[in-house]
Amino acid sequence: MGERTYTTFAEFWPFYLREHSRPATRRLHYVGTGLVIALAGVALASRNWWLLLALPVAGYFFAWIAHFRVERNRPATFTYPLWSLIADFRMFFLWITGRLGPELDRAGVNRPQG
């Protein structure tokens with residue numbers, strides 16, 4: 001049976017969260033996304049545009065370690081690159097603002113209680 005095809009971001013979002021079901025996977029994504037934001041800020045402040053070349057490496061390095069070593073699944077980036085990028089930042093900002101839990105619950109991600 002083939003992999004499901006998502007035609008809207010709204011359909012893709014719960015899939016994305018299920019592909020990031022383990023807390024360690026999400027933590028590694030947060031490190032990568034945080035590093036991307038910090039590097040972008042430093043590049044803008046210093047006008048050192050060469051730093052922008054490091055953004056994909058910084059973001060994907062931690063994310064791919066998370067998928068291949070922790071979650072043991074194929075990164076959604078390979079099939080849905082733009083939606084994965086958007087979802088990664090959405091997950092990061094929902095986590096930062098303390099609103100990720102209900103999204104994980106709606107997506108059916110089992111989380112430890114307490």
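Select, from Gly59, Gly2, the only residue that is at pLDDT below 95, outside any helix (DSSP H, G or I) and small (Gly, Ala, Ser). Outline the logic, then answer.
Numbers: Gly59 fails: outside any helix (DSSP H, G or I).
On inspection, the qualifying residue turns out to be Gly2.
One line per residue, one yes/no per condition, for (1) in contact with a helix residue (DSSP H, G or I) (Cβ under 9 Å, 6 or more places away or on another chain); (2) under 12 Å from Tyr16 (Cα atoms):
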residue	(1), (2)
Trp49	yes, no
Gly59	yes, no
Ile65	yes, no
Arg72	no, no
Phe78	yes, no
Trp83	yes, yes
Ile86	yes, yes
Gly101	yes, no
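Return yes or no: is Leu35 at pLDDT 95 or above, surrounded by 15 or more Cβ atoms within 10 Å (Cβ to Cβ) and assigned to a helix (DSSP H, G or I)? Give the derivation first.
Working: at pLDDT 95 or above: yes; surrounded by 15 or more Cβ atoms within 10 Å (Cβ to Cβ): yes; assigned to a helix (DSSP H, G or I): yes.
Criteria met by Leu35.
Within the range 77-90, identify whether any single residue is part of a helix (DSSP H, G or I), exposed (fewer than 13 other Cβ atoms within 10 Å of the Cβ), at pLDDT 95 or above and among the hydroxyl-bearing types (Ser, Thr, Tyr), and answer yes or no.
Scanning the range 77-90, I find no residue that is part of a helix (DSSP H, G or I), exposed (fewer than 13 other Cβ atoms within 10 Å of the Cβ), at pLDDT 95 or above and among the hydroxyl-bearing types (Ser, Thr, Tyr), so the answer is no.
The values are calculated or read from the model by the stated rules, or taken from the named source; none is laboratory data. Quick caveat, the model's predicted, so the values are computed rather than measured. All Cβ positions, glycine included, derive from the backbone under ideal geometry; neighbour counts span all protein chains shown.
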